[in-house]
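See below for the structure under consideration.
The values are calculated or read from the model by the stated rules, or taken from the named source; none is laboratory data. Quick caveat: nothing in here was measured; it's all calculated off a predicted structure. Backbone-built Cβ (ideal geometry, glycine too); neighbour counts: all protein chains shown.
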Amino acid sequence: MQLEWQIIDRVPADAVQRLAAELKVPPLIARILLNRGIEDARVAHTFFHPEFSLLHDPFLMADMDRAVARVARAIHNKEPMLVYGDYDVDGATGTAMLVLALKELGHPSPFFIPDRIRDGYGLSRSGIKKAKDLGVSLILAVDCGTTAIDEIALAREVGIEVVVCDHHQPEPTLPGAQAILNPKRSDCPYPFKELSGVGVAFKLLQGLYRHLQRDEAALRTYLDLVAIGSAADIVPLVDENRFFVRAGLEQLNRTENVGLRALLQVCGLQNSHIGSGQVVFIIAPRINAVGRLGDAGRAVHLLMSNDPAEAMSLAQILEAENRQRRDIDEETFQSAMALLESSCDVENDPAFVLYEENWHPGVIGIVASRVVEKYYRPTVMIASNNGIGKGSARSIPGFDIHQALSRCHDLMIAFGGHKYAAGLTIRTDRIADLRQRLQKVAAELMTPELRSPKLRIESEVRFAEIDAQLMRFLQLLAPFGPQNMRPVFMSRKVRVIGTPRVVGNNHLRFKASQDNRVIDAIGFNLGHLAHRLTPAENNIELAYLIEENEWRGQMSTQLRIKDIR
């Protein structure tokens, strides 16, 4: 699929020079900051060096005072509590963090993670029954609960109160919980709306520690868990999320968490520097895998373990289930490709709704993301059991899949999520209606501008500008993710030195030269673009990321190619 290059060219040159002089940074770094709306030295300093002390007051969040008072009362009265989390990485890390923190506060509490197939997403009747059987009087719900009106009503009927820590899009009517901590609530004045579920749970702990007159700085020990959950949930890495992930990655690189140390060893990361990419593509899938294929509680047990032997055993289970999950992914993806080719107009359909009874419900979200990546269309994938379909929806930049599904709400039993990812439950005899309606809605909402994938390019660069100082400041821009993506640059009139090679699994490797500076380049999965490289002619335009590559203990600069013209 052809990428449309969009070179950002809206920052005046005098503004670039002013900020570069104020910060004593290369003009290219100043341009990147300005592209992100950072216009003065004070804000830039905070961006480069986010601090714990700059976190927002947790009591700005609606219901925080009620939530803290209720949890503090339970601790004081030694009431039994249950931490109830979701089965994804965000929910697992939030659950582990709360259980560990409550134990540190002298209040050991059990946890419950629903089974994806048996219990479904979030608070469920079976989960409430589990809480009742345990004799708890308070549930702390993490990464779920905002839309659980009936389930929280049931909990109240059986004498259980609920405090919700969530970040999913609320419905107009909120459940009757004791407290609902969710910055996306329309009545919530909290200044940052894009926290993850584990981020909201951290704010609860921050408020609780302040209420109990504990040192809030002690909460830093949990930032590795917050970073993993936040990065895995693909939240915008700005404001508080930037601090959580930046400081949390620092914590992760020296973590004392026995379970995480075992997982890093199994992943082969124990001697590597861990950034957001390693979390998203290596660590998170292994935590997710046990929830997709079975009991997600094993991931929580790993994250809470103090026994190295137990932790290693659990980490190896996560590794094995992730391998199995990849096999199921690939089988499901190939099935989805065949279904697309036989039943969809891949060129003209504005959205895809794919259904197959035998798909594993634990992997359809991943596969939907792969379909979106390949065809650049919002995609819903549905698996079913006994006439009830469970679906996962993924979207493209600029298209709000939650909003689109809300216009189909009468066709579904339930749905929820956010702008780029959602889940739904539907009777299988309504799937055809959903396909027809969603395509109509997508046709209305999707402009021609949204239909083609864009490559956002920060600036044109000469190879001579790529030096040690630039590399140092590029590292300070990390961690990268939504709203702070790794900068993509472009260079014109580049010459290829020698013969390009296609290596590994369709990776394109070559040497690029400009102004007598030669830099190694690699384009992952770009072997099909080798024909665009004409050796010995200054006729190539490259779009790329600038990285440091380590090989046999030696560091060198490398261009990671995104596209070639």
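No other residue among D14, D57, D40, D63 is more than 30 Å from L529 (Cα to Cα), loosely packed, with under 14 Cβ neighbours inside 10 Å, among the acidic types (D, E) and modelled with pLDDT of 95 or more apart from D57. With respect to the conditions (1) surrounded by fewer than 22 Cβ atoms within 10 Å (Cβ to Cβ); (2) not in a loop (DSSP other than H, G, I, E, B), C188 lacks only one, and its number is (2). Residue check: L339 meets all listed conditions (1) over 24 Å from E444 (Cα atoms); (2) touching a residue at least 60 places away in the same chain (Cβ under 8 Å); (3) in contact with a Leu (Cβ under 6 Å, 6 or more places away or on another chain) but one, namely (2).
Every residue in region 201-217 that is in contact (Cβ under 8 Å) with a residue 40 or more places away in the chain and either within 16 Å of Q251 (Cβ to Cβ) or in a helix (DSSP H, G or I) (or both), please. A201, F202, K203, L204, L205, Q206, G207, L208, R210, H211, E216, A217, listed by residue number.
Restricting to region 213-256, name every residue that is touching an Asp or Glu at 6+ places or on another chain (Cβ under 6 Å) and buried (at least 23 other Cβ atoms within 10 Å of the Cβ).
Of everything in region 213-256, those that are touching an Asp or Glu at 6+ places or on another chain (Cβ under 6 Å) and buried (at least 23 other Cβ atoms within 10 Å of the Cβ) turn out to be G229, D233, V235, G248, L252.
Taken over region 167-183, residues that are surrounded by 20 or more Cβ atoms within 10 Å (Cβ to Cβ) and either charged (D, E, K, R) or in a helix (DSSP H, G or I) (or both) amount to 0. Only one entry in D65, D14 is touching a Phe, Trp or Tyr at 6+ places or on another chain (Cβ under 7 Å), assigned to a helix (DSSP H, G or I) and not hydrophobic (A, V, I, L, M, F, W, C), namely D65. Residues in region 536-565 that are closer than 16 Å to G523 by Cβ and without any contact (Cβ under 8 Å) to a residue 40 or more places away in the chain: E547, N549, Q558, R560. For the structure I just gave you, tell me whether A101 is among the small types (G, A, S), in a helix (DSSP H, G or I) and either in contact with a Gly (Cβ under 9 Å, 6 or more places away or on another chain) or touching a residue at least 40 places away in the same chain (Cβ under 8 Å) (or both). Against the criterion (among the small types (G, A, S), in a helix (DSSP H, G or I) and either in contact with a Gly (Cβ under 9 Å, 6 or more places away or on another chain) or touching a residue at least 40 places away in the same chain (Cβ under 8 Å) (or both)), A101 qualifies.
Checked against the criteria, I522 does not count as at pLDDT 95 or above and touching a helix residue (DSSP H, G or I) at 6+ places or on another chain (Cβ under 9 Å). Considering region 345-397, the residues that are part of a helix (DSSP H, G or I) and small (G, A, S) include one that is surrounded by the most Cβ atoms within 10 Å (Cβ to Cβ), namely A368. Exactly one residue out of L314, L263 is in contact with a Lys or Arg (Cβ under 7 Å, 6 or more places away or on another chain), within 28 Å of E548 (Cα to Cα) and at pLDDT 95 or above: that is L263. Within region 73-84, can one find any residue that is surrounded by fewer than 18 Cβ atoms within 10 Å (Cβ to Cβ), of a type outside the set (S, T, N, Q) and within 22 Å of N182 (Cβ to Cβ)? Yes, because at least one residue in region 73-84 is surrounded by fewer than 18 Cβ atoms within 10 Å (Cβ to Cβ), of a type outside the set (S, T, N, Q) and within 22 Å of N182 (Cβ to Cβ). Of the residues screened, F489 is not one that is outside the structural domain of A227 (by TED's automatic domain parsing), more than 30 Å from V245 (Cβ to Cβ) and crowded, with 17+ Cβ neighbours inside 10 Å. Just so you know, in region 134-154 the residues that are small (G, A, S) and under 22 Å from D90 (Cβ atoms) include one that is surrounded by the most Cβ atoms within 10 Å (Cβ to Cβ), and it is A141. Of everything in region 538-557 that is at pLDDT below 95 and closer than 19 Å to I32 by Cβ, the residue that is surrounded by the fewest Cβ atoms within 10 Å (Cβ to Cβ) is E548. Out of all the residues in region 147-166, which are of a type outside the set (A, V, I, L, M, F, W, C), at pLDDT 95 or above and in a loop (DSSP other than H, G, I, E, B)? Answer for region 147-166, where residues must be of a type outside the set (A, V, I, L, M, F, W, C), at pLDDT 95 or above and in a loop (DSSP other than H, G, I, E, B): G159, D166. Taking every residue in region 127-156 that is under 24 Å from K203 (Cα atoms) and pairing it with any residue that is in a helix (DSSP H, G or I) and among the acidic types (D, E), at least 6 positions away or on another chain, the pairs with Cβ-Cβ distances below 6 Å are D143/D90.
The residues on offer are H56, H45, and the sole one that is over 21 Å from I160 (Cβ atoms), of a type outside the set (A, V, I, L, M) and not in a helix (DSSP H, G or I) is H56. As for region 522-537, it holds no residue that is buried (at least 17 other Cβ atoms within 10 Å of the Cβ), assigned by TED's automatic domain parsing to the domain that holds L470 and among the aromatic types (F, W, Y).
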